[in-house]
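> I'd like to ask you about the structure that follows.
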Amino acid sequence: MNLIRRPRRNRQSAVIRDMVQETRLSVTDFILPLFVMEGQNVRSEVASMPGIYRLSLDLLLEEIQECVDLGIKTFDLFPNLPESKKDKYATESHNPDGLYLQAVRAVKERFPDVMVMTDVAMDPYSSDGHDGVVEDGKILNDPTLEVLGKMALAQAQAGANILGPSDMMDGRVGYIRQVLDEAGYYDVAIMSYAAKYASAFYGPFRDALDSAPKFGDKETYQMNPANSREALIEAQLDYDEGADFLMVKPALAYLDVIKLLNDNFHLPIAAYNVSGEYAMVKSAARNGWLDGERAMMEVLLSIKRAGANVILTYFAKEAARLL
Ligand code: PBG
């Protein structure tokens with residue numbers, strides 16, 4: 001039969017498939033999130049995230065060395081704090097002698113060329129388990145900004161390169177940018193969680209940090225999964241307020257939102273392949289229900305194909321080994 005178009009011609013061999021491949025992953029696309037905890041020589045696996053550990057600072061530095069050797073250059077740090085260090089105003093978040101800021105300093109000291117990304121949000125330090133100051137059961141916006149400003153400044157002072165405001169409070173990017181600039185931290189970048197959804201896929205992360213909300217949910221600040229036009233409003237605000245990157249989170253259930261932001265904004269677009277997305281692949285693979293490595297690479301490739309050129313993923317180390 002004479003068919004003018006035979007798309008299979010371009011799939012007939014590995015060489016030609018490789019040649020016409022539109023999207024390619026690179027280890028430079030990845031940011032690896034890491035969990036730091038108190039103690040010495042402690043490695044505590046997150047039950048719902050097989051292969052992912054909370055590490056004490058000494059082991060965290062070893063882990064980063066291994067990742068650097070694989071080509072991973074950017075790390076997003078999160079602290080697991082004991083309940084006794086948490087309070088209503090997340091005071092520990094800007095304690096220069098606290099675990100987190102100590103870790104940021106230690107990583108930058110040992111690996112000056114590595115980029116350290118920090119999380120700017122109250123939840124790991126909040127006794128309410130929320131991302132904001134709580135009063136009468138309400139999450140207050142503007143009082144939260146003041147805490148975020150202190151936290152951001154302390155992180156910049158500790159040497160952080162990229163700050164990740166992750167709480168979806170209104171006005172946080174502009175507020176943090178102003179605090180940084182007033183203190184002369186012009187070179188510290190902001191990767192704004194622009195479209196962060198109120199998602200079930202954060203469950204394992206909250207296990208990792210013991211940071212689940214003590215009451216209610218996060219629906220008055222994180223976005224409704226049903227909305228994508230609203231993501232354009234959020235992204236526009238963060239762009240106008242000075243964000244250097246726009247992030248979509250989670251990634252897999254929101255590939256359309258990644259594409260939407262990539263089509264409409266000329267900043268680098270990041271996507272957070274979150275804990276629950278990691279857990280889904282891992283648990284199915286552990287049961288022998290799918291090929292974990294192939295599923296992992298397919299997931300990461302899809303996120304990039306949708307338009308994210310920066311991918312925060314717990315798979316970074318494993319994927320780097322295969323690339
Ligand atoms: C909170 C924060 C969350 C994640 C990153 N920062 C969880 C939440 O909003 O409750 C989730 C990351 C993941 O699930 O991997 N500021």
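> I'd like the FRET efficiency for GLU230 and GLN178, computed as 1/(1 + (r/R0)^6) with the beta carbon distance as r and R0 of 22 Å, rounded to 0.05.
The pair GLU230/GLN178 has a calculated efficiency of 0.30.
> Which percent, nearest 5, of DSSP beta bridges in the chain are antiparallel?
15 percent
> Search the structure for amide H atoms under 5 Å from the amide H of VAL274, placed 1.01 Å from N in the peptide plane, and list their residues when 5 or more places away or on another chain.
Under 5 Å from the amide H of VAL274: ALA251, LEU252.
> Relative contact order, percent, of segment 21-322 when contacts are C-alpha pairs under 8 Å separated by at least 6 residues?
Value for segment 21-322: 19 percent.
> Convex hull over the Cα atoms of segment 114-270, averaged projected area in nm²?
For segment 114-270, averaging the hull's shadow over all directions gives 9.2 nm².
> Here's a follow-up. Considering only protein heavy atoms and a 1.4 Å probe, what is the carbon-and-sulfur percentage of the accessible area of the chain?
Carbon and sulfur atoms account for 49 percent of the accessible area of the chain.
> Quick check on my link table: of LYS218/LYS317; LYS73/LYS214; LYS88/LYS259; LYS86/LYS304, which ones sit more than 32 Å apart, alpha carbon to alpha carbon?
LYS73/LYS214; LYS88/LYS259; LYS86/LYS304
> Say a site is exposed when it is one of the chymotrypsin sites (Phe, Trp or Tyr not before Pro), sits in a DSSP loop, and has at most 11 other Cβ atoms within 10 Å; what is then the longest site-free stretch of the chain?
Excluding the exposed sites themselves, the longest stretch runs over 1-185.
> For segment 177-292, give the share of DSSP beta bridges that are antiparallel, in percent and rounded to the nearest 5; count only bridges with both residues there.
Of all bridge pairs located within segment 177-292, approximately 0 percent are antiparallel.
> Continuing with this model, one more query. Over the Cα atoms of segment 86-129, what radius of gyration and what Dmax do you get, in Å?
11.9, 36
> Gaussian network model of the chain, Cα springs within a sub-10 Å range: biggest mean-square fluctuation belongs to which of ARG177, ARG43, ARG54?
Highest fluctuation among the options: ARG43.
> How far is helix 292-306 tilted, in degrees, relative to the longest principal axis of the Cα atoms in the chain, given as a value from 0 to 90 rounded to the nearest 10?
Helix 292-306 sits at roughly 80 degrees to that axis.
> Once the Cα atoms of helix 99-110 and of the chain are each reduced to a long axis, what angle between those two axes, in degrees from 0 to 90 to the nearest 10, is obtained?
60 degrees
> Residues with amide H under 5 Å of VAL36's amide H, sequence separation 5 or more or different chain, H placed in the peptide plane at 1.01 Å from N; which?
Distant-sequence amide H within range of VAL36: LEU55, PHE78, ASN80.
> Would you mind working out the accessible area per residue for the chain, using a 1.4 Å probe, and quoting it in Å²?
Per-residue value: 46 Å².
> If you don't mind, another one. So how compact is segment 1-81: Cα radius of gyration and Dmax in angstrom?
Cα-based Rg and Dmax for segment 1-81 come out at 21.3, 71 Å.
> Let me make sure I get this right: for segment 42-132, a, b and c are the square roots of the gyration tensor eigenvalues over alpha carbons, sorted descending. Under 1.5 in a/c it's rounded, otherwise prolate if a/b > b/c, else oblate. Which is it?
Since a/c reaches 1.5 and a/b is larger than b/c, the shape of segment 42-132 is classed as prolate.
> OK, next. Net charge around ASP238, counting only other residues with Cβ within less than 14 Å of its Cβ (Lys, Arg = +1; Asp, Glu = -1)?
-3
> Give me the net charge of GLU298's neighbourhood, meaning all other residues with Cβ under 13 Å from the Cβ of GLU298; Lys, Arg count +1, Asp, Glu -1.
Summing Lys/Arg as +1 and Asp/Glu as -1 gives 0.
> Using only Cα atoms, locate the centre of segment 145-219 and the centre of segment 234-305, then give the distance between them in Å, rounded to an integer.
Cα centres, segment 145-219 to segment 234-305: 18 Å.
> I would also like to ask the following. So what's the angle, to the nearest 10 degrees on a 0 to 90 scale, between helix 255-264 and the longest Cα principal axis of the chain?
For 255-264 against the chain, the angle is about 80 degrees.
> Let me ask another. How big is D, in µm² s⁻¹, for segment 21-322 by Stokes-Einstein at 4 °C and 1.567 mPa s if Rh is the Kirkwood radius over C-alpha pairs?
Using the Kirkwood radius from Cα pairs, D works out to 68 µm²/s.
> If every alpha-carbon in segment 198-323 counts as one equal scatterer, what log10 I(q)/I(0) does Debye give at q = 0.09, 0.10, 0.14, 0.17 1/Å?
-0.28, -0.34, -0.67, -0.95
> Same structure again: Amide H to amide H under 5 Å from ASP119: which residues, 5+ apart in sequence or cross-chain, H placed 1.01 Å off N in plane?
LEU77, GLY164
> In segment 81-181, what GluC sites (Glu not before Pro) fall in a loop by DSSP, with at most 16 other Cβ atoms inside 10 Å?
In loop regions of segment 81-181 (DSSP not H, G, I, E or B), there are no sparsely surrounded GluC sites (Glu not before Pro).
> Something else now. Where does the Debye-calculated log10 I(q)/I(0) of segment 94-184 sit at q = 0.10, 0.11, 0.16, 0.18 Å⁻¹, using only Cα point scatterers of equal weight, no solvent?
Results for segment 94-184 at q = 0.10, 0.11, 0.16, 0.18 Å⁻¹ read -0.25, -0.31, -0.63, -0.78.
> Turning to a different aspect of this structure: Setting aside same-chain residues fewer than 8 positions from LYS108, which aspartates and glutamates have a Cα under 19 Å from its Cα?
GLU38, ASP58, GLU62, GLU63, GLU66, ASP69, ASP76, ASP97, ASP119, ASP187
The values are calculated or read from the model by the stated rules, or taken from the named source; none is laboratory data. The structure displayed is predicted, hence computed values, not measured ones. No Cβ is skipped: glycine too gets one built from the backbone with ideal geometry, and neighbour counts run over all protein chains shown. Calculation scope for accessible area: heavy atoms of the full protein, side chains included, ligands and nucleic acids excluded. Shrake-Rupley method; radii C 1.70, N 1.55, O 1.52, S 1.80 Å.
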